Amino acid sequence: MQIVLCDDAEQTAREAAKWVQALLVHKTRPVLGLATGSTPIRLYQELIQLYQQQKISFANCTTFNLDEYFDIAPAHKQSYRSFMQTQLFNHIDINLQNTHLPACSQGQNPRLVGLEYEQHIAAAGGIDLQILGIGSNGHIGFNEPTSSLASRTRLKTLTAQTMSDNSRLFSPDEVQPTMAMTMGIATIMDARYVLLIATGLGKAEAVRQMVCGPVSAYCPASVLQMHEHAIVVLDKAAASLISDQQYLKVAEQENQRMIEIYGLQFIAES
Ligand code: F6R
């Protein structure tokens, strides 16, 4: 894991944006994996700014979102499709036909929808860079604790912890979905690069388990220890429970020195 330590959430977003920028600049047909939730909002704002400054374009970019609530209309204000439109797609030059979410309605077979999503990702050439947040229970996507490390896109029931964490986003008169379609852990692991962002003390214990704990289905994010190119961008609060802070700082200085000399190590043009 390459751990990038930042002072605060703003710097975290700027650091993460550099990786997305590098992908969009270096690849002719980039495939970007996207996340929803509170954490990537600042990153999306950075990307919108870079787009407005004409430093990046999404015109040739294909996107795949990690997850979508089960049986929710795309136009519903709580759908992740709506989130993506509001937070990113409405403000950039992406072709909406190239944006994908694993939407599944009541009348559809979730297994077939999951399989088709996997096929679409494969047909696009695989995901170059997958953006991730982390749940306070260590989930990535909606792969809740106990999810198979070999899982693929499928329907998952949300844990009480996730329901409670996300209840802040729903008003009392809104029904909070209990199930979601999510990329599986193996789907995420197939991405050439993964870029996980975490900010705030509420994520510190999950981050500790992801970085220092054993690889375990009980902390799905810990599987990223097995990923060849996992970049983990943390603010001070989210990194605060990682043991050996001194080493993290020294390694980060070395990383920055390497980046200054050689640029971001990134996917070669293909
Ligand atoms: C979102 C997703 C989730 C979130 C995680 C953190 O598409 O798949 O894993 O990344 O729940 O959410 P926030 O950022 O709201 O704390």
Checklist outcome for this item: Of the conditions (1) open to solvent by less than 20 Å² (accessible area, probe 1.4 Å); (2) farther than 21 Å from Y44 by Cβ, the single one that Y218 does not satisfy is (1)
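Take Q11 and decide whether it is away from the ligand (no atom under 14 Å from the Cβ) and either part of a strand (DSSP E or B) or without any contact (Cβ under 8 Å) to a residue 12 or more places away in the chain (or both). Give the steps one after another, and end with the answer.
Working: away from the ligand (no atom under 14 Å from the Cβ): yes; either part of a strand (DSSP E or B) or without any contact (Cβ under 8 Å) to a residue 12 or more places away in the chain (or both): no.
No, not satisfied.
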Checklist outcome for this item: Cβ pairs under 6 Å, 6+ apart or interchain, first in the stretch 64-90 and within 22 Å of G135 (Cβ to Cβ) and among the hydrophobic types (A, V, I, L, M, F, W, C), second at pLDDT 95 or above and part of a helix (DSSP H, G or I), ordered by first then second residue, are F64/I121; L88/Y44
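Which residue, of V207, V232, V211, is modelled with pLDDT of 95 or more, closer than 29 Å to A124 by Cβ and of a type in the set (V, I, T)? Reasoning before the result, please.
On the way: V207 fails: closer than 29 Å to A124 by Cβ; V211 fails: closer than 29 Å to A124 by Cβ.
Of the residues listed, the single one that is modelled with pLDDT of 95 or more, closer than 29 Å to A124 by Cβ and of a type in the set (V, I, T) is V232.
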Item to check | Filtered residue count, the stretch 43-65, keeping only those that are within 16 Å of the ligand (Cβ to nearest atom) and in contact with a strand residue (DSSP E or B) (Cβ under 9 Å, 6 or more places away or on another chain) | outcome: 5
Item to check | Residue check, E68 open to solvent by less than 50 Å² (accessible area, probe 1.4 Å), within 15 Å of the ligand (Cβ to nearest atom), modelled with pLDDT of 95 or more and not in a loop (DSSP other than H, G, I, E, B) | outcome: yes
Next on the checklist: Under 6 Å between Cβ atoms, which residue pairs at least 6 apart in sequence (or on different chains) link something in the stretch 202-220 that is under 18 Å from Q2 (Cα atoms) with a partner that is open to solvent by 40 Å² or more (accessible area, probe 1.4 Å) and not hydroxyl-bearing (S, T, Y)?
Outcome noted: A204/L241; R208/L241; V215/Q225
Next on the checklist: Suppose we filter the stretch 139-163 for residues that are buried (at least 24 other Cβ atoms within 10 Å of the Cβ), assigned to a loop (DSSP other than H, G, I, E, B) and near the ligand (Cβ under 10 Å from one of its atoms); how many remain?
Outcome noted: 3
Checklist entry - Listed residues I197, I131, I188, I127; which is assigned to a helix (DSSP H, G or I), at pLDDT 95 or above and open to solvent by less than 40 Å² (accessible area, probe 1.4 Å)? => result I188
Checklist outcome for this item: Taking the stretch 22-41 and the residues there that are more than 17 Å from Q97 (Cβ to Cβ) and of a type in the set (A, V, I, L, M, F, W, C), the one that is nearest to the chain's Cα centre (by Cα) would be A35
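Could you tell me which residue of the stretch 164-180 is surrounded by the most Cβ atoms within 10 Å (Cβ to Cβ), considering only residues that are more than 11 Å from the ligand (Cβ to nearest atom) and aliphatic (A, V, I, L, M)? Before you say what the answer is, go through the steps one by one.
If we filter the stretch 164-180 for residues that are more than 11 Å from the ligand (Cβ to nearest atom), which is where we start, we get 164, 167, 170-179.
With the extra rule that they be aliphatic (A, V, I, L, M), the set shrinks to 175, 179.
Working: V175: 8, M179: 16.
For the stretch 164-180, the residue satisfying everything is M179.
The values are calculated or read from the model by the stated rules, or taken from the named source; none is laboratory data. It should be emphasised that the depicted structure is a prediction, and the values quoted were computed from it without experimental measurement. Cβ coordinates were reconstructed from backbone atoms using ideal geometry, including for glycine residues, and neighbour counts include every protein chain displayed. SASA here: full protein model, heavy atoms, side chains in, ligands and nucleic acids out. Shrake-Rupley method; radii C 1.70, N 1.55, O 1.52, S 1.80 Å.
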